[in-house]
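Every number here is computed from the coordinates shown, using simple stated rules; none is lab data. All values reported here derive from a predicted model rather than from experimental measurement. All Cβ positions, even for glycine, are placed from backbone atoms using ideal geometry, and neighbour counts span all protein chains on display.
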Amino acid sequence: MVLLLVVMCKDISLKDEELKFLLTKAIRMMKEVQLQELPPLVYQMLLLSNKGHKRMVLEGIIHHFVEQDKLSKAEHSNTHEPELEVTSLCTDQLYVVEGTIILHIRFAVQQDQELGKQLIKYLKIVDFMKVAVLKHFKDTERQNKSWWTSDVVNVITDITPNFVDTARSSVHGWDHVVPGLVLIGFTLMDAYGPKAAFGRFVTHELVQQDILEQILNRVVTKATTPVSHYLGLLSKIVNCAPQIILNSLSKVQEAFDYLIYLPASTAEALLKAVRPLLKVSMPLRDSLILVLRKAMFSRQVDARCMAVQGFLMILKHFKVLGGVPFSQCSQSSSASQILVDVYIPYDPSHNEGFCLEILGYLRRCLTQQAGVRMTLYLGLLDVLSHNSQLASVILKLLCHQLAKYYESGQDMIPPLKLEPCIMLQADDVYTQEPLAHLLRSAVHCLLRTKRLNDDQIAEDEQTLVQQMEVMIESLCERMLKSDLDCFELDKSADFSLGTSVGIRNNIFALLLAGVYQVLMEYTFITGHLE
């Protein structure tokens with residue numbers, strides 16, 4: 001009856017009071033109309049609102065369905081187990097009806113600009129919602145941090161479930177709602193707000209690529225602002241729905257091309273976020289290896305350091321099963337050169353050749369700037385802790401590098417050569433080899449390897465461990481016998497920073513201080529205090 005009445009009055013000229021009475025009656029009668037008949041009734045009411053009282057119609061429709069949602073949730077929470085399925089079915093029907101009505105409102109707004117203005121006035125705008133949501137979270141944080149505020153101020157309602165419920169509900173034919181939901185979510189994230197609205201990323205196939213693209217774009221373009229929340233969201237998506245990311249692999253590969261332009265912390269966090277995908281996608285792994293190899297020879301030292309960190313991350317998480325013999329240490333595998341378009345199950349037995357190839361790239365760092373070498377030395381111990389089967393390769397690499405500055409003769413004083421550790425360019429002097437970091441990495445990798453079980457150490461590894469142990473012990477003994485005069489750093493030496501000789505002596509002094517510190521640490525750990 002209500003529907004027929006509204007349809008009939010649509011073409012009749014009504015006074016303002018009569019129109020208001022009719023619309024008020026129709027809104028009040030919505031409670032008695034069956035659920036399936038509500039969409040056509042709302043559609044006719046929106047058409048009738050062209051004559052006036054647009055705000056009242058919108059308020060009435062929205063208020064009615066807010067009350068229906070509350071009743072549905074209350075019934076669902078009070079429902080016993082046998083009735084749960086029936087209640088769930090009614091809730092789904094309500095969501096479908098709401099989706100249809102939202103579609104009607106959307107079309108009506110497109111046809112009637114004044115109706116759209118009234119809707120915006122009633123619901124406010126995205127920026128206002130952003131301010132309100134952020135204020136809510138700030139107030140909640142202040143209340144949680146203050147005991148007296150918690151007692152005085154009423155409990156603040158958690159609005160996060162509202163975002164999650166909207167995302168869940170939008171699978172019931174609410175496709176036209178999803179872009180707005182994504183816009184609100186990214187508006188909040190741009191303000192470093194909550195990201196709960198994206199907890200249902202896997203729900204909407206239509207916007208998955210758009211969300212992923214916006215995340216990666218913000219990571220790449222917001223280089224000077226914090227992007228940790230975007231990277232955290234990307235990491236969650238990778239862990240919860242990796243196949244969805246694999247379906248949009250080209251976007252991730254495009255992001256890799258910008259790695260060398262990102263801050264070191266951002267680049268490292270991006271690599272950590274997509275790390276699980278490297279084990280199942282050879283095309284993605286090959287793309288990353290290619291980018292890191294290019295970065296290794298970039299003109300920018302920061303890009304080279306980023307490449308080293310990327311390679312070290314791969315070594316940490318691609319564990320080798322069984323030891324790697326010395327005979328293979330200089331070989332590289334071409335496994336990562338094979339481009340395939342299928343995703344393979346992760347098999348740790350294939351990691352040996354891949355890790356050897358990565359170590360081959362890292363050896364080239366030993367001829368680069370001091371900062372690049374330092375990044376390598378600082379990361380090798382972490383690699384060894386996660387991937388102990390690479391111990392022999394890592395020890396050999398460090399031993400070979402340390403031997404360049406080590407005097408093997410047991411009677412040679414001093415036991416270290418410092419001249420090769422610096423580089424002269426015209427009148428400028430630079431550190432070329434961070435000797436203390438090299439020695440510290442060698443010492444700690446040696447001690448870490450010695451702590452492994454005997455069945456984890458191959459025979460050739462034991463021989464190398466003994467050789468390095470003899471080298472470090474000899475270094476400790478001969479450094480005790482050495483004094484600063486042996487390194488031409490006596491009291492008469494020039495330490496002014498205005499001359500190349502003074503800079504050279506300052507660098508030597510810093511290197512020696514670091515070496516002494518490492519050797520004291522080794523002596524204390526091993527207990528050879530006599």
- Message: Can you list residues from other chains, or at least 5 along the same chain, whose modelled amide H is less than 5 Å from the amide H of Lys10?
- Response: none
- Pop a pseudo-label 7 angstrom from the Cα along the beta-carbon direction at both Ala513 and Arg55 and give the gap in nm to one decimal. 7.3 nm
- Where in region 212-244 does the amide nitrogen come within less than 19 Å of the point 7 Å from the Cα of Glu141, taken along Cα to Cβ? 225-233
- Computed from the beta carbon distance with a Förster radius of 60 Å, FRET efficiency for Val501 and Arg451 to the nearest 0.05 stands at 0.85
- What ranking of Lys294, Lys138 emerges when the number of other C-beta atoms within 10 Å of each C-beta is taken as an exposure proxy, fewest first? Lys138, Lys294
- Message: I want to check a number: in region 2-123, how many lysine pairs have alpha carbons closer than 18 Å, given a sequence separation of 8 or more or different chains?
- Response: 16
- Provide the gained length on full extension for the span Glu407 to Leu134, in nm with one decimal, where the gain is 0.36 nm per separating residue minus the Cα-Cα distance. 91.9 nm
- Task: Round to the nearest 0.05 the FRET efficiency obtained for Thr526 and Gln425 when R0 = 45 Å and r is the Cβ-Cβ distance.
- Result: 0.70
- Query: Hey, if you put +1 on the Cβ of every Lys and Arg and -1 on every Asp and Glu Cβ in region 2-123, which of Gln110, Ala74, Leu41 ends up farthest toward the positive end of that dipole?
  - Reply: Gln110
- Note on the structure: Once amide hydrogens are built 1.01 Å from N within the peptide plane, the residues lying 5 or more places from Leu416 or on another chain with amide H under 5 Å from its amide H are Glu407
- Tell me which lysines have Cα within less than 19 Å of Lys272's Cα, excluding those fewer than 8 residues away on the same chain? Lys222, Lys236, Lys251, Lys316, Lys319
- How would you rank Arg440, Arg293, going from fewest to most other Cβ atoms within 10 Å of each one's own Cβ? Arg293, Arg440
- Note on the structure: Computed for region 2-123: size of charge dipole around the Cα centre, +1 on C-beta of each Lys and Arg, -1 on C-beta of each Asp and Glu, debye to nearest 20, value 700 debye
